[in-house]
Amino acid sequence: MTLRRELMEELGFALPAPGPLVWRRRVTMTLGQRRWRQSEDYFLIETAAFRPAVQAAPEAGRIREFRWWRLPELRHSAERIAPTALRRIVLDYRENGPPAGPLPVEIVGD
């Protein structure tokens, strides 16, 4: 499963079981001299705190920090968070549980 591989490569986290799918996003962007289209599915995974350790992910050079957010911090932060809907996704899940029915797809382009 791609989710398991990505979590291991980017965080050093062995996923015991995926949580619910809570968001879908399609992104079109220019990176370097190339156009990219990517599909992103967001799963909620509740876990005890652990120390993230990037394995061999290409993103390693672009990660500035890892951070654990408590709900009040996430709710009131003025920091730029990506995806921009993350705050709403997490808070909606905490207040209402997993989404019911088909999820809308957020379309993002540069």
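Bridge orientation summary for the chain: considering DSSP beta bridges with both residues in this region, about 65 percent are antiparallel.
Can you check what the net charge comes to around Phe43, using other residues whose Cβ is under 12 Å from the Cβ of Phe43 (Lys, Arg +1; Asp, Glu -1)? Charge balance near Phe43 sits at -2. Grab the Cα-Cα distance for Ala53 and Leu91, subtract it from 0.36 nm times how many residues apart they are, and report the gain in nm with one decimal. Difference between extended and current length: 11.0 nm. Rg over Rh for the chain works out to 0.95, both radii taken from alpha-carbon positions and Rh defined as the Kirkwood radius. Note that the stretch 1-40 presents 69 Å² accessible area per residue, ligands and nucleic acids not counted, probe 1.4 Å. What 222 nm value per residue comes from the helices of the chain, counting each DSSP H run with n ≥ 4 as -39,500 (n - 2.57) and dividing by all residues, nearest 500 deg cm²/dmol? Per the formula, -7000 deg cm²/dmol. By accessible area, using a 1.4 Å probe on protein heavy atoms only, the chain has 52% of its surface on carbon and sulfur. Restricted to Cα atoms, the stretch 53-95 shows a radius of gyration and a Dmax of 12.7, 36 angstrom.
The values are calculated or read from the model by the stated rules, or taken from the named source; none is laboratory data. Just so it is clear, the structure is predicted and the values come from calculations on it, not from any experiment. Heads up, the Cβs are rebuilt from the backbone with ideal geometry, glycines too, and the neighbour counts pull from every protein chain shown. What goes into the accessible areas is simple: the full protein's heavy atoms, side chains included, and nothing from ligands, DNA or RNA. Shrake-Rupley method; radii C 1.70, N 1.55, O 1.52, S 1.80 Å.
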